[in-house]
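Reading through the structure tokens given below for one structure.
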Amino acid sequence: MKSVFALILFVLSFSTQAQSVNGIVNDADGKSVSEVLIRDLTSKTHAHTDGDGKFTLEGVQVNDSLEITKKGFAPQKIKLASFNFLTISIDEKPFLLEEVKISNNLKYLNTISKIDLEIQPISNSQDLLRKIPGLFIGQHAGGGKAEQIFLRGFDCDHGTDINITVDGMPVNMVSHAHGQGYSDLHFVIPETVDNIDFDKGAYFADKGDFTTAGYVGFNTKNALQNSSISFEGGQFDTFRTVAMFNLLNKENQSAYFAGEYMMTDGYFDAPQNFNRINLFGKYSAKMDNGDRLALSVSHFKSQWDASGQIPDRAVNDGTISHYGAIDSNEGGNTDRTNFNLQYDAKIDENTHIKSSAYLSKYDFELYSNFTFFLNDPVNGDQIKQKENRTIVGFQSEYDQKLNDKWRFKLGAGLRNDNNKDVELSHTVNRKTVLEYLSLGNVNQTNLFTYTSFDFTSGKWLINTGLRLDYFKFGYEDQLLETYANQTQTKAIVSPKLNFLYTQNDKLQYFLKLGKGFHSNDTRVVVAQKGEKILPETYGADLGINWKPFPRMIINSALWYLYLAQEFVYVGDEAVVEPSGKTERKGFDFGFRYQLTNWLFWNTDYTYTHARAIDEPKGEDYLPLAPKNTLMSGLSVKDLKGFSGSLRTRFLGDRPANEDNSVVAKGYCITDFSVNYQIKKVSIGVNIDNIFNTKWKETQFLTESRLANETDSVEEIHFTAGTPFNARLILKYSW
């Protein structure tokens, strides 16, 4: 009886002492700070500040020790003296590379992306892809067309050999009117990107179609630190504005809206008349049971004119300038609307289910003229590529930590592309259709499942994975007189095996082995009757992740990649071209060094030897495969309000044909940016190609004929890269 009475007194005593405390967290300038973690080290309770910097911490007592932490700020500890309203001030601290630790993580390159984003945030849409070490892009259609991508000896065209997603939603377009895997990232507002998940090779069970050279996953912010509006203006009648509005920012809920508008005439002789609008909204919530929900809606629309790819001979003889055009009627328009739902369910402390579902409506229309008057000396060779697509899909992953040594994942999903009126036609002046070269409906479904096990023992992590993809391809050719819906099915199994040895938080070795693939265009599949239409790749990476000094991190790898026989659908000509087995081997080297608290140096170099296996020596080069690439730069971060960078990118000479008798010339371009922040206002300058180098951004060996020529000529055709291009940026945040 006495013990029961004592227990009641203890409970009553605790209930009278344990209370809640309210407060606010500000920075050194008195500005409220959201998403700060306040943790009671005594009672183990915690709270986060909302969008106004305010918090309520439950279950605390006088003399409890409170810890206040947030990324980018110095941690602080205080002792609770009373239950009065708390006003806490925290100081920003410089980003220190010595705090970055090498962890036992299969996707080790994510460490590099975190460093790069911290040092050098994304400032424009092209920077999104340039954040991937060793990845180069080229624009050759007036800024509205998806960029051409080069990675690990692949001319990925617009995405054939790299898997790209945004918040788990696929960007690659299967059986696209222009090219397989076409990836237009222009619907992403760069300022909304929170982190980048990427790696090279096909070593990850949760990554499927197009994951041959690697994958990139962009993740948008769940909440905004504050609202802002910015204006950017510069040469060539360029104007861009971005508005970011913080609609809701509480401890467990957040919502924001972002809008972007951009217009420019470009640096070409013929105005590009480019304009683009982006709208994006996102709502995020954390449930009482630990579950998390995110819902985003976006809309993008773009239209432009283009100068296309011009022949060397027309520039050399003075017919047109380096920035001129043979057919200035090229260009197009495109739009995309997305609905994306993400839900992370917490089953228990060791078990999670991560799910996503998406719906995209996509329209595309592109006018090009690559050969000028080769096929039609009277009307010219202009073509139109058009499609109207709906994408639906979902994916779920069950993730359970079985014990201290074993972790198990099981995932499954579906993607369906319903692509209506996929068209390739011969046109005049964007208006009159002279001939339909291809017209049909594509319906393609990809069902997939995968599983993986992580085994951890001491310093070792062994990852095994197995993925199964099943495809159903359907094509209705509308140019046939009678209805015919051609279908084919195909499945592929992709095993993975990865070894990591983490000696300590400064040194890690890895060996990665895996099989990947990319699907081929549905029109190839039905033409080849399902034979050899899921070309597989086999790859291996052997490398290290190393911190020889506290403020230096090095990552390097030797790698090999084999690609089996495949058939390629040429969307510009409506023909199927076979290509044989290929192999690529190379070396990647990455270097990050913090010279002072505010000065950083980063370098990424890649070397690739790419060859066709079945061709005679000397005739086995892979056209446009990059051999040497280098990206290097110095960045200043938070030096008395100043930030900026000086960045150089180098792409070496590469073969333009199979015997290397024609060379696509390389380039070396340096960009500069500087920004000054004073309280809520920042002003900055971005300069592309600061040394005004004349260069060719994209190059192709093409046979063409000009209006005044009787015979065709095969030579390099190119799109000029930007000259010196300066822009002033003004931003206000609140």
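Just a few scattered comments:
- Stretchable slack from Glu573 to Asn22, in nm (0.36 nm times residue separation minus alpha-carbon distance): 191.6 nm
- Beta bridges by DSSP in segment 135-212, antiparallel share as percent, to the nearest 5: 100 percent
- Stretchable slack from Leu447 to Asp194, in nm (0.36 nm times residue separation minus alpha-carbon distance): 88.1 nm
- Cβ crowding within 10 Å averaged over residues, with 379-387, 519-527, 630-638 ranked highest first: 519-527, 379-387, 630-638
- Straight-distance candidates among the aspartates and glutamates for linking to Lys31, with alpha-carbon spacing under 17 Å and chain neighbours fewer than 8 residues away dropped: Asp50, Asp52, Asp91, Glu92.
- Accessible surface of segment 220-328, 1.4 Å probe: 55 percent of it comes from carbon and sulfur atoms.
- Taking all protein chains together and rolling a 1.4 Å probe, Trp598 ends up with roughly 90 Å² accessible.
- Within the shell defined by Cβ-Cβ distances under 9 Å, the residues around Asp64 carry a net charge of 0, with Lys and Arg each +1 and Asp and Glu each -1.
- Shape index of segment 12-101: Rg/Rh, with Rg the Cα radius of gyration and Rh the Kirkwood radius from the inverse mean 1/r over Cα pairs, equals 1.02.
- Each Lys and Arg contributes +1 and each Asp and Glu -1, all at the Cβ; summed about the Cα centre of the chain, the dipole is approximately 3080 debye.
- The simple Förster model, with R0 at 41 Å and r as the Cβ-Cβ distance, assigns Ile462 and Ala81 a FRET efficiency of 0.20.
- Note on segment 633-734: Lys pairs 8 or more places apart or on different chains, Cα atoms under 28 Å apart, count 10.
- Percent carbon-and-sulfur accessible area, segment 335-479, ignoring ligands, DNA and RNA, probe 1.4 Å: 56 percent
- Spatial offset of segment 306-337 relative to segment 139-172 amounts to 21 Å, using the alpha carbon center of each.
- Positive end of the dipole of segment 473-608 (Cβ unit charges, origin at the Cα centre): among Ile544, Thr522, Pro578, the Cα lying farthest that way belongs to Ile544.
- For segment 630-700, with all protein chains in place and a probe radius of 1.4 Å, 61% of the accessible heavy-atom surface sits on carbon or sulfur.
- Working from label points 7 Å from Cα in the Cα-to-Cβ sense, the Leu730 to Leu96 distance is 3.9 nm.
- Among the listed pairs Lys71/Lys354; Lys101/Lys585; Lys221/Lys286; Lys114/Lys200; Lys54/Lys93, those with a Cα-Cα distance over 19 Å are Lys71/Lys354; Lys101/Lys585; Lys54/Lys93.
- Ligands, DNA and RNA are left out, and with a 1.4 angstrom probe the accessible area of the chain is 43 Å² per residue.
- Projected label points at Leu410 and Ser321, each 7 Å from Cα along the beta carbon direction, are separated by 6.5 nanometres.
- Sparsely packed trypsin sites (Lys or Arg not before Pro) within segment 395-496, loop by DSSP, other Cβ within 10 Å at most 15: Lys405, Arg430, Lys431, Lys459
- Among Glu714, Glu423, the order of accessible area from largest down is Glu714, Glu423, computed with a 1.4 Å probe on protein heavy atoms.
- Backbone N atoms of segment 247-265 closer than 12 Å to the 7 Å Cα→Cβ label point of Asn333 are not found in any residue.
- For segment 359-496: lysine pairs under 28 Å (alpha-carbon distance), excluding those fewer than 8 apart on one chain: 28
- Globularity ratio of segment 447-587, using Cα Rg and 2.2 N^0.38 Å: 1.44
- Per-peptide average of other Cβ atoms within 10 Å, ordering 444-453, 661-670 highest first: 444-453, 661-670
- Net charge over other residues, Cβ less than 10 angstrom from the Cβ of Phe300 (K, R count +1; D, E count -1): 0
- Globularity index of the chain, i.e. its alpha-carbon radius of gyration over 2.2 N^0.38 Å: 1.03
- Residue (of Gly143, Gly259, Phe364) at the positive-pole extreme of the chain, dipole from beta-carbon charges: Gly259
- Degrees, to the nearest 10: 2-17 long Cα axis against longest axis of the chain: 60 degrees
- Within straight-line cross-link reach of Lys529, aspartates and glutamates at Cα separation under 19 Å, skipping those fewer than 8 residues along the same chain: Asp469, Glu476, Asp477, Asp521, Glu566, Glu577
- The protection proxy used here, the mean number of other Cβ atoms lying within 10 Å of each residue, ranks peptides 342-351, 717-726 as follows, highest first: 717-726, 342-351.
- Assigned charges on the beta-carbon of Lys, Arg, Asp, Glu; segment 106-240 dipole about Cα centre (debye): 160 debye
- Segment 238-332: GluC sites (Glu not before Pro) in DSSP loop, at most 16 other beta carbons within 10 Å: Glu251
The values are calculated or read from the model by the stated rules, or taken from the named source; none is laboratory data. Bear in mind that the values here come from a model prediction, so they are computed numbers and not experimental data. We place every Cβ from the backbone using ideal geometry, glycine too, and count neighbours over all the protein chains shown. Just so you know, the surface numbers come from the protein's heavy atoms only, side chains and all, with ligands and any DNA or RNA stripped out. Shrake-Rupley method; radii C 1.70, N 1.55, O 1.52, S 1.80 Å.
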